[in-house]
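Report on the structure given below.
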Amino acid sequence: MLATWLSVSSAIGHDLNFTGLTGLLRALRTEGIVGLQLADVTSGLLACSSVLAALLRRARTGRGGLVQQPLLSGPLPFVTWAWAERAGGGGGMSEAVLGGRAPAYRAYRCGDGRELSVGCLEPKFWFAFAQVVGRPDLAGLGLDTGPAGQEAAAAMEQHLAGHPRDHWLALLASHDLPVWPVHDLDAAPHEPRLDDLTEATPTPAGSFRGVGPFFPSLGRTPERSAPALGQHTDAVLAEFARR
């Protein structure tokens with residue numbers, strides 16, 4: 001929502017910044033089909049929430065229940081806002097401001113070809129950003145989605161192309177603004193702000209930096225790797241036989 005923001009690792013950010021930092025934004029910009037399993041992964045997280053809700057209901061009421069979680073439900077959370085706007089006549093925030101048509105909320109390419117996600121929806125953030133990077137003349141056009149806004153966005157990108165991304169990040173570092181790097185999937189696992197949300201995932205051959213845990217307060221990943229296919233079949237069958 002326009003008037004809200006979230007704090008991650010004490011840094012101000014919006015959805016654009018979060019998707020850019022994790023590699024998702026770059027991964028979505030592909031020709032053809034998107035190479036991400038959004039329905040599979042999201043429906044799995046929804047299933048986890050459904051199971052937890054069912055367990056809580058059982059603890060409170062003593063009644064069990066059947067949990068069903070269709071894979072088709074996975075993409076739906078991502079289109080909830082868009083559907084509501086279309087039902088109201090279309091042309092809402094997700095189509096204009098959040099769709100990259102406003103200078104204050106879009107990704108900008110810097111001089112080295114790498115990008116910044118500028119999520120300065122609130123005017124105070126865009127004003128400050130324009131001042132810090134040296135384009136105060138664009139401060140009043142942050143949320144303009146018309147021709148003037150498009151010209152302002154082009155002018156800002158041309159200005160940012162004058163230096164590599166690290167130059168701008170260093171310049172902005174002390175100003176606490178929702179301006180973050182857009183990573184690709186190779187760089188994202190090494191982002192320091194993701195350290196608490198990623199971990200060394202063990203495998204039979206060693207380990208790799210992976211996503212998780214989703215519930216860090218409940219503990220980290222076990223020291224041993226996931227079993228190989230069929231590794232525990234005999235033990236599982238023996239357990240059922242004892243019952």
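Under the condition of being of a type in the set (S, T, N, Q) and at pLDDT below 90, which residue from region 23-57 is farthest from residue 103 (Cα to Cα)? Result: 37.
For region 29-48, residues that are open to solvent by less than 70 Å² (accessible area, probe 1.4 Å) and in a helix (DSSP H, G or I) total 8. Does residue 238 satisfy the criteria of being in a helix (DSSP H, G or I), open to solvent by less than 50 Å² (accessible area, probe 1.4 Å) and not aromatic (Phe, Trp, Tyr)? Answer is yes for this residue. Is it the case, given these coordinates, that residue 78 is open to solvent by 70 Å² or more (accessible area, probe 1.4 Å), touching a helix residue (DSSP H, G or I) at 6+ places or on another chain (Cβ under 6 Å) and in a helix (DSSP H, G or I)? Answer is no for this residue. Count of region 94-113 residues, restricted to those that are crowded, with 17+ Cβ neighbours inside 10 Å and either within 13 Å of residue 157 (Cα to Cα) or among the aliphatic types (A, V, I, L, M) (or both), is 11. Residues of region 114-153 that are open to solvent by 20 Å² or more (accessible area, probe 1.4 Å), in contact (Cβ under 8 Å) with a residue 12 or more places away in the chain and closer than 18 Å to residue 171 by Cβ: 114, 127, 128, 132, 134, 135. When residue 186 is tested against (1) open to solvent by 30 Å² or more (accessible area, probe 1.4 Å); (2) assigned to a loop (DSSP other than H, G, I, E, B); (3) farther than 30 Å from residue 219 by Cβ, exactly one condition is not met: (3). The number of residues in region 9-48 being among the charged types (D, E, K, R) and either farther than 25 Å from residue 178 by Cα or without any contact (Cβ under 8 Å) to a residue 12 or more places away in the chain (or both) comes to 3.
The values are calculated or read from the model by the stated rules, or taken from the named source; none is laboratory data. Treat the numbers as computed from the prediction; the structure is a model and nothing was measured. Cβ sites come from the backbone with ideal geometry, for glycine too, and all protein chains shown count toward neighbours. The accessibility values were calculated without ligands, DNA or RNA, using every heavy atom of the protein model including side chains. Shrake-Rupley method; radii C 1.70, N 1.55, O 1.52, S 1.80 Å.
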